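Read the figures in this text as sums done on the coordinates, not as results from a lab. Predicted, not measured: the structure shown is a model, and the values here were computed from it. Glycine also receives a Cβ, built like all others from the backbone with ideal geometry; neighbour counts cover every protein chain displayed.
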Amino acid sequence: MNTDGQLPDGKRGPVLDELAAEVEADLELIANSRPDAAEPETPDRWLDDPEEVQVEETDLCSLLGAVEALQVDPPHDPGDAAAR
């Protein structure tokens, strides 16, 4: 595999699919680990800081969006724009 994530024939390898699956699994884990809003816990009983979890979820959503964009858009050569 080349350093740009492509196989020698120009097709994308399974790396992006695996990354997307990992990110989706992490997002599902975050969604399933949210405490019940009916019984809020005090900060001394938190396992994770809710603000840190929210930041991580936002980062994972951004990463998933980038992966999905790479899966859909074909790679382009930056030199193509300069040649026009």
Extension reserve of the S62-A25 stretch, reckoned as 0.36 nm per residue once the Cα distance is removed:
11.9 nm
Using a 7 Å offset from the Cα along the Cα-to-Cβ direction at both V72 and D48, what is the distance between the two label points in nm, to one decimal?
2.7
Report the label-to-label distance for E41 and E18 in nanometres (one decimal), using points 7 Å from each Cα along the Cα→Cβ vector.
3.3
